[in-house]
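Nothing in this text is a laboratory measurement; each read-out follows from the coordinates by a stated rule. In this text the structure is predicted, and so the values were computed from the model without any measurement. Note: ideal-geometry Cβ built from the backbone for every residue, glycine included; neighbour counts use all protein chains shown.
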Amino acid sequence: MSVTVHLPAQDDAAVGRAARADGVVHQADIVRSGVARRLLAFLRILIGWTFMWPFVDKLFGLGYGTAAEAAVVNGGAPAQGYLVHATSGPFKEVFVWVAESFGPVADVLFMVGLFGIGLAMLTGAGLKIAAWGGTLLMALMYLAALPIGQAGAGFTNPVTDAHWIEAAVLLVAAYTLAGDTWGLGRWWGGKVGNGWLR
């Protein structure tokens, strides 16, 4: 009878983490495929730009989603405008009340949220807090747009829409530590550890 002992390869995640002795989990520890890590990094950068672009457009009114006269630098109120004019469905009155009662605060939170989520995803640092903040933002925007899937209104699905997909991409990027590839995630992880700031 013979026994074969399989020793882990030097690039094995467990060996790498043990050798580091810092307890910080890195993307290579949980995503084994190099191709998958690069695809997740691309997805992270893509969703980061998806949030950063509306921030820039609403700030300067570049004419894509926001006209120049409605830009924040020209006194525009992006969250208030959306909440009052673009909401529908059973929560419309709640969102209008928020806009009327807390308008300037809603505008600042919306713009800071877009910028923070975009910056975190683009740089790869602070992904978890950005992902949960972005998921909350997507959930609120989904509720503001109800009912989703009205026939003849350009919807292709009666239940889900892009808000669900964007929230899922944010969470996948955060929990696969996609910031470690083509980003500052490894460095940031060394500073903050594995907690919610990662």
Across segment 52-123, what fraction of all alpha-carbon pairs, as a whole percent, falls in each successive 5 Å bin from zero upward? 3, 18, 23, 23, 18, 11, 3, 0
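Within 10 Å of each residue's Cβ, count the other Cβ atoms and sort SER88, SER101 from fewest upward.
On the way: SER88 14, SER101 9.
Lowest to highest Cβ neighbour count: SER101, SER88.
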Would you please state which residues of segment 24-57 a label at HIS85 would reach in this model, taking the label point 7 Å out along Cα→Cβ and a backbone N cut-off of under 20 Å? 54-57
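Taking the Cα centre of segment 32-192 as origin, sum charge times position over the Cβ atoms of Lys and Arg (+1) and Asp and Glu (-1), and report the length of that vector in debye to the nearest 20. Please list the in-between numbers first.
Working: 9 positive and 8 negative charges, 172 e Å.
Here segment 32-192 has a charge dipole of around 820 debye.
Round to the nearest 0.05 the FRET efficiency obtained for VAL112 and THR160 when R0 = 25 Å and r is the Cβ-Cβ distance. If you can, show how the numbers build up before the last one.
Numbers: r = 27 Å, r/R0 = 1.09.
Computed FRET efficiency for VAL112 and THR160: 0.40.
Hydropathy first: keep DSSP H helices in the chain averaging at least -1.0 on Kyte-Doolittle, then drop any whose Cα extent along the axis falls short of 18 Å, and list what survives. Numbers along the way, then the final one.
Details: long enough: 34-60 (38 Å, 1.01); 92-123 (37 Å, 1.42); 127-144 (25 Å, 1.49); 162-175 (20 Å, 1.47).
Span-like helices here: 34-60, 92-123, 127-144, 162-175.
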I need PHE91, PHE55 ordered by Cβ neighbour count within 10 Å, fewest first. PHE91, PHE55
Amide H of GLY61 versus every other amide H placed in the peptide plane: which residues, excluding those fewer than 5 positions away on the same chain, fall under 5 Å? VAL72
Ranking PHE51, GLY75, ALA174 by how far each Cα lies towards the positive end of the charge dipole of segment 32-192 (+1 on Lys and Arg Cβ, -1 on Asp and Glu Cβ), the top one is ALA174
If you take the charge dipole of the chain about its Cα centre, with +1 on Lys and Arg Cβ and -1 on Asp and Glu Cβ, which of PHE42, ALA106, PHE95 is farthest toward its positive end? PHE42
Dividing the Cα radius of gyration by the Kirkwood radius, what Rg/Rh value follows for the chain? 1.11
Contour excess over end-to-end distance, with Cα ends at VAL94 and VAL56 and 0.36 nm allotted per residue: 10.9 nm
Under 5 Å, built H, 5+ apart or other chain: amide partners of ALA125: LEU184
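So how do TRP188, TRP97 line up by other beta-carbon neighbours within 10 Å, fewest first?
Numbers: TRP188 22, TRP97 11.
The most exposed by this proxy come first: TRP97, TRP188.
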